[in-house]
Amino acid sequence: MADPISLSSRYILGLRVDDVTYEESVALCRRFVEWGGHHRIVTPNPEFVMLARRDRAFRDAINSSSLSIPDGIGLVYASRIFKLPLREHVQGTDLCELLAAQAAREGYRLFLLGAAEGVAGAAAARLAGRHPGLTVAGTYSGSPDPADDDNTVGAVRSAGRVDILLVAFGARAQEFWLARNLERSGAAVGIGVGGVLDYFSGRVRRAPLWVRRARFEWLYRLYKQPWRWRRQLSLYRFALTILLAAVTGDKAVLASTTILPAGRTRA
Ligand code: UDP
């Protein structure tokens, strides 16, 4: 069924990840826009999981989202090890491309927030070129600093109706920004997208398709941006924790449950 109402979710070391496909994620996004209200979509990977173990507020921001896609391949592997497999590896960058296509079809208005000066504008121009008819209501580099919230929210509001807001402030800062501000920004759907605007603008190249298909994009990123090694340590810690739990039979590491997406107002 490509248009789910309830979500089958995994809790991996306490962090919620939903068992959705690309098709279902796009369908859910349409539902969120139709339902009204304000819906946060988050894109966790193993780094999120390890961060959430130390940072309860971050964990709450993820677990209270309307949709939490399995963006990191490590989460999919972990779910398989514990025999509660997530069906698809749903990457934020590819989902955003599909949402842009949907926005062009349905007349949804996009706003691109975050990234370095000029990046969101360049991303908007390239997206519009790929998706004829797409309306980008506005772009703004902004800042994730709470002291700048009024200004950043004002920039989004001044664009008029916004159906989908992409927020690129980096992991944690963007999830907190959305938790604080999505509602008052007026946008129907807000997604924390990390480096997606850098990719869309063409300033940063994604791994070649064959590397992505081999599920080694994380390794390519390390090769291209070696200063990330410290951040990627959490990936190895995650793998170690999962493997240890698998060996010792600690099933509490991964739980499965069915939930209704937050903000659902009618069937
Ligand atoms: N960024 C920003 N303001 C900040 C910190 C980061 O706009 O204060 C942007 C940065 O320019 C980049 C994105 O946030 O476009 C984060 O990208 P990254 O690849 O680090 O994403 P992550 O790995 O955290 O998902």
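Quick one: dipole size for segment 132-242, taken about the Cα centre, charges +1 on Lys/Arg Cβ and -1 on Asp/Glu Cβ, in debye to the nearest 20.
About 780 debye.
Restricting attention to segment 138-178, which chymotrypsin sites (Phe, Trp or Tyr not before Pro) occupy a DSSP loop and are surrounded by at most 16 other Cβ atoms within 10 Å?
none
In debye to the nearest 20, how big a dipole does the chain give about its Cα centre with +1 on each Lys and Arg Cβ and -1 on each Asp and Glu Cβ?
660
Which residues does a label at W210 reach in segment 226-263, if reach means a backbone N under 18 Å from a point 7 Å past the Cα toward the Cβ?
none
Between the DSSP loop rule and a limit of at most 15 other Cβ atoms within 10 Å, which trypsin sites (Lys or Arg not before Pro) in segment 164-232 are left?
R203, R205, R215
Could you work out the Kirkwood radius for the chain, taking every pair of different alpha carbons, averaging 1/r and inverting it, reported in Å?
After inverting the mean inverse Cα-Cα distance, the result is 18.7 Å.
Would you mind classifying segment 151-267 by shape? Square roots of the alpha carbon gyration tensor eigenvalues, ordered a ≥ b ≥ c; an a/c under 1.5 is rounded, otherwise it is prolate if a/b is larger than b/c and oblate if not.
Working: a/c = 2.28, a/b = 1.30, b/c = 1.75.
Cα axes put segment 151-267 in the oblate bin.
Percentage of Cα-Cα pair distances in segment 25-174 greater than 18 Å, rounded to whole percent?
Working: 6951 of 11175 pairs.
Value for segment 25-174 (Cα pairs over 18 Å): 62 percent.
So if I place +1 on the C-beta of Lys and Arg and -1 on the C-beta of Asp and Glu, and nothing else carries charge, what would the dipole magnitude of segment 178-259 be about its Cα centre? I want it in debye, nearest 20.
Approximately 380 debye in magnitude.
Amide H of S9: which non-local residues (sequence gap of 5 or more, or other chain) have their own amide H closer than 5 Å, using H built in the peptide plane?
The answer is D19, T257, T258, I259.
Shape call for segment 82-164 from the C-alpha gyration tensor, a ≥ b ≥ c root eigenvalues: rounded (a/c under 1.5), prolate (a/b greater than b/c) or oblate?
On the way: a/c = 2.05, a/b = 1.32, b/c = 1.55.
Oblate, since a/c reaches 1.5 and b/c is not below a/b.
From the residues T248, F82, T152, which one has its Cα farthest along the dipole of the chain in the positive direction, the dipole being from +1 and -1 charges on Cβ of Lys/Arg and Asp/Glu about the Cα centre?
The residue sitting most towards the positive pole is T248.
I need the trypsin sites (Lys or Arg not before Pro) found in segment 74-117, filtered to DSSP loop residues with at most 14 other beta carbons within 10 Å of theirs.
Those that pass, being in a loop and sparsely packed, are K83, R87.
Every read-out reported here was derived from the displayed coordinates using simple, explicitly stated rules and does not represent laboratory data. Just so it is clear, the structure is predicted and the values come from calculations on it, not from any experiment. Cβ: placed from backbone, ideal geometry, glycine included. Neighbour counts: every protein chain shown.
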